[in-house]
Protein chains: 2
Amino acid sequence: MSDLLHRLRGRGWRMTSQRRVVAEVLDGDHVHLTADEVHARAADRLPEISRATVYNTLGELVSLGEVIEVATDGRAKRYDPNAHRPHQHLVCSGCGTIRDVHPTGDPLADLPPDQRFGFTVAQVEVTYRGLCASCG
Amino acid sequence: MSDLLHRLRGRGWRMTSQRRVVAEVLDGDHVHLTADEVHARAADRLPEISRATVYNTLGELVSLGEVIEVATDGRAKRYDPNAHRPHQHLVCSGCGTIRDVHPTGDPLADLPPDQRFGFTVAQVEVTYRGLCASCG
DNA sequence: ATCCTACGATGGACTCAGTCCAAGTCAAGA
DNA sequence: TCTTGACTTGGACTGAGTCCATCGTAGGAT
């Protein structure tokens, strides 16, 4: 993840201990934490970090395209650091676990012109839902 | 929509003026109102209807499978009465307008077994995003 | 190495969406 | 028409997220 920190510095980010810790917490595969979970894990390393700072930093990471916001349920948004490899999500209806998945085919091609209502379609999000092995 | 009211009566619903008004407000194609919008429109016809009743009624309609909950942004859930014809959604990133769309193909078939991580996949939601003709 | 200052952090108040609950009301079966 | 349990009400409450005035500090300038 230090490559992320390098990219951020290159983009003019002032590097603070808070931003470093938030970026470190978001490292890994199949990571989909809520803002409060990020705050809790960040506070393990930096006890005085505030919720506002976590929200600010997550928002900046999202607008820089380094992190993706995922809203799979109606509850808290989740933050997915796997932003540089396009992917979709598989969500367990039982426990809420989320996996990144790579479907074959191009879902955009499945939307015929007469179904586009004059829109310029730019992006497709696919959410697969079902029960995971433990909840099955 | 009176067929909906008949179905509900058949399922043992006690028919109240509040429930009738909520069901009527949710009539039509490409309808995707938030709970507060449903409440506002219901209150035009029945000024004393409470928010709690609107939430209760929407929740019941959802669990009866008559209405679908849609969470296309991180904000308020939207309620889609078009529950008996499977469809996906096309959302304008500018103004938030939502259209029901019917893509070709079966997105479930695009998720290979080695991408299912032991899940029993039951359902797929697809959200197309872009700019509508007015926002383009 | 030190100073400056604009950018970032803080925490508490606030908003918005939604839930909960005790008390009152009323639809519909007897 | 009576009765009763299902339904409605409004207000308090929760959870997620935003806003803002103030304080602190990273990092360029000297």
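Bear in mind these aren't lab numbers, they're just calculated from the coordinates by the rules spelled out. Since this is a predicted model, take the numbers as computed values, not measurements. Cβ: placed from backbone, ideal geometry, glycine included. Neighbour counts: every protein chain shown.
A compact table of results
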| read-out | value |
| --- | --- |
| Coil-residue GluC sites (Glu not before Pro) of region A:28-136, DSSP, other Cβ within 10 Å capped at 12 | A:48 |
| Spin-label pair residue B:30/residue A:102, simplified geometry with 7 Å Cα→Cβ offset, distance in nm | 3.7 nm |
| Helix-only CD estimate at 222 nm, as mean residue ellipticity for chain B, using -39500 (n - 2.57) per DSSP H run (n ≥ 4) | -9000 deg cm²/dmol |
| Residue-averaged beta-carbon neighbours from other chains (10 angstrom radius) around A:96-106 | 4 |
| Whether region B:1-110 is rounded, prolate or oblate, judged on the alpha carbon gyration tensor where a/c under 1.5 counts as rounded | oblate |
| Two-site FRET efficiency, residue A:122 against residue A:44, from Cβ-Cβ distance with R₀ of 35 Å, rounded to 0.05 | 0.35 |
| Relative contact order (percent, whole number), region B:1-123, Cα cutoff 8 Å, 6+ residue spacing | 20 percent |
| Neighbour cut-off at most 11 other Cβ (10 Å), DSSP loop, trypsin sites (Lys or Arg not before Pro), region B:39-136 | B:75 |
| Karplus-derived HN-Hα couplings along region B:39-56 (A = 6.51, B = -1.76, C = 1.60, θ = phi - 60°), whole Hz, x at Gly and Pro | 4, 4, 5, 5, 5, 4, 9, 9, x, 8, 5, 9, 4, 4, 5, 4, 4, 4 |
| Unpartnered cysteines - no second Cys beta carbon under 4.7 Å - across the protein assembly as shown | A:95, A:135, B:95, B:135 |
| Pairwise FRET efficiency - residue B:16 versus residue A:69, Cβ, R0 = 25 Å, nearest 0.05 | 0.05 |
| Region B:29-61 and region A:85-136: distance between their alpha carbon centers, rounded to Å | 30 Å |
